[in-house]
Structure formats: structure tokens, C-alpha cells
Amino acid sequence: MWHARVFGGLAVLALGIVVIFFSRQLPYHSDYGPGPGFLPTWIGYVLAACAVVVTAQQLRAANNKETFFQRRTRMAVKVLVIIVTTFLLFPVLGFSVGFGLFICAAMRLMGGHRWATCGVAAIGTAVSIHFLFGHWLGIPLPTGLVGW
């Protein structure tokens, strides 16, 4: 896990630097106070600072002989793959159906629930999101080829 913590810290540091870079392209001040670049700039600074602290602590740690991929690390990688796949399928499936399938896959992977339970949760999630955001709140969500 030591390697994973170091790599994770470096990845968050890179994310913080990217957030700082892009948020500095927005106006920091406006006529009425802080501009649209104020909050993301400071979020980037805090992300980078926390990543430096965590990475430095891990680099000073004596126990760096641990294996990189442990059981929980493998699960985290699988969840990341599910998230990326879901976002790639949003244009095809639409937000409601895509997120419902994400719930199904995540429940099966992390909780080990039965397929029937995962399917009911997926259908309930898709229908709830579609009607809550699409009809009740009037927020347009990506529909994809499915139309949902």
C-alpha cells in the first residue's frame, strides 16, 4: 500500500496543479467581490498542499516493502473502471440508464448483492433520476440513443 499511497499523493498533487493552472485563467476578482476563479484557485492550492503533506509522510515512512496491489486496491481499480465506462456510455445510454447500470455494477462488485437486487436498484435509480430531474425539477439530462 505504500506505493499506492505515494502514487495517489502524486496524482492528487498533479490534479491540484492542473486546477490551479486552469482556474488562474478565470478572473480572480470581479466588480462585486471574488470572481469565478477565486474558489477553484484556492481549492487547487489546498489540494496541492494536502498532497505534498501526505506524500512527504509516506516517503518518510519506514514500511515501504508492502505489495502494490492488495485486495482493496484491486476493488478500487475495478470501481474506477466502472466509473470511466459509465461516463463513456452516457452519450449512448443517457444519464438515467447509465447511472442505473453504474449502481447495478457497483452494488454487485462492492456489496456482492444478488443480481435480482442489483437489477431492482438499477431500475429504481434510473426511473427516479429520470422523473426527479427530467420532469419534476425540469433539469435536462443527456438522453443518448435510448431516449432516457
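The values are calculated or read from the model by the stated rules, or taken from the named source; none is laboratory data. These numbers were taken from a predicted model, which means no experiment stands behind them. Keep in mind that these areas ignore ligands, DNA and RNA; they rest on the heavy atoms of the full protein, side chains included. Shrake-Rupley method; radii C 1.70, N 1.55, O 1.52, S 1.80 Å.
Observations, loosely collected:
- The chain: DSSP helices with Cα axial extent of at least 30 Å and average Kyte-Doolittle hydropathy no lower than 0.5: 2-23, 38-60, 71-93
- Accessible surface area normalised per residue over the chain is 67 Å², counting heavy atoms of protein chains with a 1.4 Å rolling probe.
- Prolate/oblate/rounded label for region 1-127 (Cα gyration tensor, a/c 1.5): oblate
- Surface share of carbon and sulfur [accessible, 1.4 angstrom probe, percent] for region 52-148: 72
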